[in-house]
Amino acid sequence: MKGFLLVIILVLGVIPFFGVTSLAGTQAQIVFYNVTGNVHLSRQGVDPAYYSFEGVSYLPPNVTPVKVTVAQNLLFNDSAWKPYYLHVEIPNGSYSFILMNVSVKEENGTQFDRPLYVFVNGIPVFWGSTQEIGNSTASVDLTMYENLLRGNVTFEPVLVNFYDAKVNITGVYLVNITLLLYPGREPQGLPNRFIPLFVNGTFHYNYSYVILSPTLDSFTSQVSIPNGTYRMTALLYEEGGGLDEFWYSNEPATREITLHYNGLLASIIPPYETIYTGGLDLFWWKPMPSINTLAFHTPYQADLTPFLAMGGKVNLTISVTNLVTAEQINHRPSFDWDLSGVLMLWVNQSNPMIGGKMIMAYSKFLDSSPIFQGGYSGIHYQEGGSYLLKYSSILNFLHGQEIATMTQSGSFSALQTFNNIYELAYLDESFNEISQETGIYSSSMTISGNYPVYLQISAFATPITPTNAIPYNLSYAQNGSISLGANYQYNYTFNGFTSSQSLKENLTAQGGFSGILEVINSYGGAVLVKLTSNNALTEKQLSFIYETSSGVPSFKEGFSAVAGQNSSVNSTGYYLKVQKTFNQLPDPGTTTPEPTVAPQEGYHQNTLAVSPLFDRPFRNRWSLFPFL
């Protein structure tokens, strides 16, 4: 239900219909609102052409790409989860690198941020969201899907928008989608079969998507694996919605996504703490979005190859921990999770599997459950856990044998202190997966990292109209800060081919605002009617290393940006600094250094030459982003 819950603000718990957490007679009401506002976009002095953009970007091969326009100014009005069905012919050819750009424009009035997905033949290839105002752009690497993107395929863009003129939510979105296919030698070791998971799990639109909640906390996909499959992974996307959009500030605060394969716990997927462009404080993210917001760059990939020993008929069950506990503690059911995924297969039908045996099957998952303790400053909450999975199989094929192993481990911990007007929340998740296949072919994959978040918010709200009927108005003020990171490493080898990615992205935001809110629905959705004060400072740093032995340039990207707000009249915000550098790296296995791409720097600038709030002069600016 994220479509209704798109800008979240922590508020003093004075509204009686919201849930409470109780401890030994003590009540602490933590209420989240979702707020948008009628912000007029001032584009004077703004450079480059996009108001918001992702830090992650790519250095493509130095060849002219084949450009395929998938969608141009595709209109999403009151669309909900209904997709467009776009039949696209992919030109024949061999491509070393495939990039997809998704650019979005909001117009026609006030609108919340909204989820944005792109599916191909029902399979998720893009998972993101919109900026509430102006336009935005993001790109993703689709080279892994080269064998899916052949011939006539059906693109299904979904932008979960809702239009309600009665409460002045009238904004619409225009979407452009472009594929860039770079001719060259196709990388080795790409999957050649794809099976969408959770199809029609919630809506009957024939794409991979299911919403889990305390009333439906698991979903099972029945899948047939083609004979001749010798490698298998599941790639999963996730996001919390409803009252769980900011799950790390809830009680309980831990969520782990579990995947069971014919009843065995096959994988634990740590969810990322995605914050959308209206989240927590809508002005923190105008104009610079948080991590994984416009496009999700850290989907989890679980190696399921050892489970091929269990045969070709599969029940894959996905669930999310602590949903039922969240409902029991908070007495509300709307803790939702939106999930999508694909089973990626490596198939050689000329070499069918004739038998297999699982020689190790071990799984352990521990969760302390929520622990509450009263204190002078409020209620203290903590929870932690860990997991360890080990699987190993011998797979016999008509021509040869394969030994497949997978080990996965991780831990999570959460701490909170909260009372009626303040919350401090900390969460960290660490994860590590190592898999290897040897025999008829040689392959390995490692995934590791951690996702820390530290949040502090204080807020105060006073009703100024009766609250027994919606809509009603509140006088509201909040102040706070957040720091979060995405540390993610991925390494893959296949018969001598190597590919790796290392992402280290960190962000801090601080500031607050005050004004009048109009609550427009029972989920806490609200419109900012009047803004009386506003200040924010958001900083982001990124290091992204992309290495491959396929002939595509290996590179290291550095990104640093600072954005701010300091006006109750013009709340579009501005960039104080945007800096991006690319250093080309030697391909894996070589020692000859490649030339360095010169550092590049670009600026977004508001109408002020110097920000009086932050006292930082703007440098000369120029456009660094080549937009399609």
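The values are calculated or read from the model by the stated rules, or taken from the named source; none is laboratory data. These numbers were taken from a predicted model, which means no experiment stands behind them. Every residue, glycine among them, receives a Cβ derived from its backbone with ideal geometry; neighbour counts consider all protein chains shown.
Structural remarks
- Of all residue pairs spaced 6 or more apart or on separate chains, those with beta-carbon atoms under 7 Å, a first member in region 314-343 that is within 11 Å of Arg255 (Cα to Cα) and a second member that is of a type in the set (S, T, N, Q) and surrounded by fewer than 18 Cβ atoms within 10 Å (Cβ to Cβ) are Ser319/Ser218.
- Across region 423-463, the number of residues qualifying as over 26 Å from Asn506 (Cβ atoms) and of a type in the set (Phe, Trp, Tyr) comes to 2.
- Residues of region 467-489 that are surrounded by 19 or more Cβ atoms within 10 Å (Cβ to Cβ) and either closer than 19 Å to Phe246 by Cα or hydroxyl-bearing (Ser, Thr, Tyr) (or both): Tyr476, Gln478, Gly480, Ile482, Leu484, Gly485, Ala486, Tyr488.
- Within region 457-475, residues that are in contact (Cβ under 8 Å) with a residue 60 or more places away in the chain and in a loop (DSSP other than H, G, I, E, B) sit with their Cβ atoms under 7 Å from residues that are surrounded by 13 or more Cβ atoms within 10 Å (Cβ to Cβ) and of a type outside the set (D, E, K, R), at 6+ positions apart or across chains, in these pairs: Thr467/Ile15; Pro471/Val167; Pro471/Val519; Pro471/Ile520.
- When Glu547 is tested against (1) within 22 Å of Ser448 (Cβ to Cβ); (2) within 19 Å of the chain's Cα centre (by Cα); (3) crowded, with 18+ Cβ neighbours inside 10 Å; (4) not polar (S, T, N, Q), just one condition goes unmet, and that condition is (2).
- When Gly439 is tested against (1) surrounded by fewer than 17 Cβ atoms within 10 Å (Cβ to Cβ); (2) touching a helix residue (DSSP H, G or I) at 6+ places or on another chain (Cβ under 7 Å); (3) not polar (S, T, N, Q), only condition (2) is not met.
- Filter result (small (Gly, Ala, Ser), touching a Leu at 6+ places or on another chain (Cβ under 8 Å) and more than 23 Å from Glu256 (Cα to Cα)) within region 372-414: Gly374, Ser393, Ala404
- The condition (being under 26 Å from Thr143 (Cα atoms), assigned to a strand (DSSP E or B) and at pLDDT 95 or above) is satisfied by just one residue among Thr220, Thr233: Thr233.
- In the set (1) modelled with pLDDT under 95; (2) part of a strand (DSSP E or B); (3) more than 19 Å from Lys286 (Cα to Cα); (4) touching an Asp or Glu at 6+ places or on another chain (Cβ under 9 Å), Ser550 fails one condition alone, (2).
- For region 491-533, a residue qualifies if it is over 30 Å from Ser543 (Cα atoms) and outside any strand (DSSP E or B), and the qualifying residues are Ile520, Asn521, Ser522, Tyr523, Gly524.
- Test set (1) at pLDDT 95 or above; (2) buried (at least 20 other Cβ atoms within 10 Å of the Cβ); (3) at positive phi - Gly134 fails condition number: (1)
- Of all residues in region 348-383 being surrounded by fewer than 17 Cβ atoms within 10 Å (Cβ to Cβ) and of a type in the set (Ser, Thr, Tyr), the one that is nearest to Val324 (Cα to Cα): Ser369
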